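Notes for the one structure printed next.
Derivation of every value follows stated rules applied to the coordinates shown; laboratory data play no part. Computed from a predicted structure; not experimentally measured. Cβ: placed from backbone, ideal geometry, glycine included. Neighbour counts: every protein chain shown.
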Amino acid sequence: MTMATPSKSTVTSGMTSDNRHPAAEISRRIFRPRKIRREDVVGWLFVLPALIMYTVFVIVPFISTIQYSFFKWNGVSPATWVGLRNYANIFQVPNLIGTVINAFWLVVWFSVIPVGLGLIVASVIHRVATGRLGTISRTVLFLPQVIPLVAAGIIWGWLLALPGLINQSLKAFGLGALTRAWLGDFDTALPAVGMVGIWVLLGFCIVLLLTGMTKVDPSLYESARLDGAGWFTEFTAVTVPLLRYEIGVCLTVTVVAALAAFDIIWVTTAGGPGSSTSVPGVQIYILGFTQRAIGPASALAVMLMALVVLVIIPIQYLTKEKKQ
Amino acid sequence: MKVARGELWAGRTLLLVLMAFTILPFISIFMTALHPSGTVPGGFEWPANPQWINFLTAWNQAEMPKLLASSLFIVLAVVPAALVISTMAGYAIGLLKIPGARVLLFLFVFGLTLPFSGIIIPIYFLERALGIYNTRLAIVLPLIALYMPFAVFWMRAHFVNMPAEISEAARVDGATIWDLFWQIHVPLARPPIASLGILMAIWTWNQFLLCLVLVEDPTQRTMAGALGAFQGHYANDVPLLCAGTILILVPTLIVFILFQRQIISALLQGSIKG
């Protein structure tokens, strides 16, 4: 408030400049000709703390990851430039490209099944669960979403162990021949990890889709039912088309959870047996922090970040466009 | 609602089966936690002689009071700071519409789907250089930054819908932008700020990767990070591991049951807007 201005200028931002106001003296001091500039400067000061934090701890590390990915470096001695060799390596080493393939398998377990099953279950529940049962089920089904993924991993690590609940139930149903250490078997480890994902994400999808269904005009369901539509017709004709947006949200959240998975896998299998459940997140950790191979780890990190964006964009595009 | 009786019962049964699928794992670890320490019980057996002492043992061995204090410290350091700076940024981008607002928004949105594991290696080297590696700050500072894309995006979505007249009326009365922000816009933004706070508190409490990489001492980590360390120690003592897991879950469960409506709606809105 130091600069004195000779006269009140016309305010450009479409503001009603009320000069007759008793506080005209004050307004004159605020609505100076340089007002816009000053406001912009203050506005930038408002953004600055967030921008600085974001730049230092996200943008700069992001650029560093790309930079590291062109070098051979153990984190201590000087780095040597290797060009694209770290990337070529990903495609040549089965263990590395395998993590990307596993990540896509996880998408089936973490994303396709919870969203598909979630849609079916939500549409059934929507027709029958009203009142108390509906409220209680919402809370219960949401529970796995708020606990740490590490805890979910530990719980399921025990359920899927040899003496655990899964094998015990199989025996109880006379299927003792099927029992095994699910997480320790090359053939079943990935689906077993996938089960944990279903447990964590199914309830979230159901609750989110149910919330979407309550927003659909009830008269649509009403008229479908008056026309004698059963569950299946109602599902394909009303629910799925009108829930495109919610389905897109579920897919986005679960696909990111699958591709960027770390906690659950680290706690249950740490990528094993062999590398049968290894995903990029786990492999980045192992390469970077136990093998000190910063270059390959960073190349894989860049791949992972690109992959997430490449998969998310079409989902966003498809589900948002058609909503209108 | 005209729904056939058979369908009604089929639907309810499905719902109950799903609820059982969700709950049974918790019951299983609870029963396992009551078996004698060091034994390998079945997955679903009530022990002949429940060992409630396991919870006390786990409480002491996991240094629960320290863990709780450490987690609370981290949440209280992250959430208010992240709320203040993201609300200010969202206000400037969404309501003041400063020059460059679109570029800034794009810059923040770019980070929305960024996996933490993608940038964890440079963060590690950065923190070594800054000398904050293996302190709680090593978790606090990157977490605040990593929440910025979502938080700024979220707060901007609120401010962009606020009518400009609100600030203009007050500006005539001689309020500065700073006053306007704190006296008018922050109080009006209370609901989205509260939801954002809930979300960030849960994410912080459950954060694992940053703890694993950036802090070696479990008692300087969050609950989830400490649980990972606890698992390493007690991999062979299933009852004790289950008891420890339950202890670590209890605070989350209590908070969830108390604030279930707010938490569920915050998480749903969070994913819809994100």
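Of note:
- For chain B, the longest principal axis of the Cα atoms and the long axis of helix B:137-159 meet at an angle of about 50 degrees.
- Extending 7 Å from Cα along the Cβ direction at residue B:261 and again at residue A:41 yields two label points whose distance is 4.8 nm.
- Debye log10 I(q)/I(0) for chain A, one point scatterer per Cα, at q = 0.11, 0.13, 0.16 Å⁻¹: -0.89, -1.04, -1.28
- Under a model in which nothing but the beta-carbon of Lys, Arg (+1) and Asp, Glu (-1) is charged, region A:234-324 shows a dipole of about 180 debye around its Cα centre.
- Relative contact order (%) - chain B, alpha-carbon pairs under 8 angstrom, separation at least six: 30
- Chain A: relative contact order as a whole-number percent, Cα under 8 Å and 6+ apart: 26
- Modelled label reach - residue A:317, point 7 Å along Cα→Cβ, region B:73-114 residues with backbone N closer than 18 Å: B:110, B:113
- Relative exposure of B:256, A:110, judged by other C-beta atoms within 10 Å (fewest first): B:256, A:110
- Of A:251, A:178, the sequence from fewest to most neighbouring Cβ atoms within 10 angstrom is A:178, A:251.
- Pairwise centroid distance, computed over Cα atoms, of region B:218-274 with region A:198-232, Å: 31
- Note on A:275, A:77, A:169: ascending count of other Cβ atoms within 10 Å places them as A:77, A:169, A:275, the fewest first.
- Legend: calculated FRET efficiency, residue B:61 to residue B:30, from the Cβ-Cβ distance at R0 = 25 Å, rounded to 0.05, equals 0.85.
- About the Cα centre, charge dipole magnitude for region A:93-321 (Lys/Arg +1, Asp/Glu -1 at Cβ), debye: 300
- Taking Cβ atoms as reference points and 15 Å as the exclusive limit, the residues near residue B:35 contribute a net charge of -2, counting Lys and Arg as +1 and Asp and Glu as -1.
- Kirkwood Rh in Å, taken over all unlike Cα pairs in the protein assembly as shown: 26.3
- Region B:17-41 versus region B:128-167: alpha-carbon centroid distance in Å: 38
- The calculated FRET efficiency for residue B:84 paired with residue B:254, based on their beta-carbon distance and R0 = 30 Å, is about 0.65.
- Chain A, helix-only ellipticity at 222 nm - DSSP H runs n ≥ 4, -39,500 (n - 2.57), divided by all residues, nearest 500: -20000 deg cm²/dmol
- Gaussian network model of chain A, springs between alpha carbon atoms under 10 Å - residue of A:76, A:207, A:121 with greatest fluctuation: A:76
- Cα centroids of region A:251-265 and region A:94-135: 12 Å apart.
- Seen from residue A:138, the other residues with C-beta closer than 14 Å to its C-beta sum to a net charge of +2, counting Lys and Arg as +1 and Asp and Glu as -1.
- Calculated mean residue ellipticity at 222 nm for chain B: -23000 deg cm²/dmol, from DSSP H runs with n ≥ 4 weighted as -39500 (n - 2.57), summed, divided by the residue count and rounded to 500.
- Under the membrane-span-like helix rule (DSSP H runs whose alpha carbons stretch at least 30 Å along the helix axis, mean Kyte-Doolittle hydropathy 1.0 or higher), chain A yields A:189-215, A:294-321.
- Angle between chain B longest axis and helix B:116-130 axis [Cα atoms, degrees, rounded to 10]: 80
- Candidate cross-link partners of residue B:66 among the aspartates and glutamates, defined by an alpha-carbon separation under 16 Å and a same-chain spacing of 8 or more, comprise B:216, B:217.
- The amide H of residue A:71, built 1.01 Å from its N in the peptide plane, has A:82 as neighbours under 5 Å, considering only residues 5 or more places off or on other chains.
- Cα gyration tensor shape of chain B, rounded if a/c is under 1.5, else prolate or oblate by comparing a/b with b/c: oblate
- Computed over region B:60-187, relative contact order equals 39 percent, with contacts defined as Cα pairs under 8 Å that lie 6+ residues apart.
- Gain on full extension, evaluated as 0.36 nm per residue between residue B:106 and residue B:68 minus their Cα-Cα distance, stands at 9.9 nm.
- The stretch between residue A:101 and residue A:180, if pulled fully straight at 0.36 nm per residue, gains 26.0 nm over its current Cα-Cα span.
- Qualifying aspartates and glutamates (Cα of each under 16 Å from Cα of residue B:97; at least 8 residues distant if same chain): A:39, A:40, B:165, B:168
- Note on chain B: with a GNM built from Cα contacts shorter than 10 Å, the maximum mean-square fluctuation among B:11, B:232, B:42 falls on B:11.
- For the residues B:177, B:74, B:23, a GNM of chain B with alpha-carbon springs under 10 Å puts the largest fluctuation on B:23.
- Positive-end ranking of A:83, A:55, A:71 along the dipole of region A:33-85, with charges on Cβ about the Cα centre, is headed by A:55.
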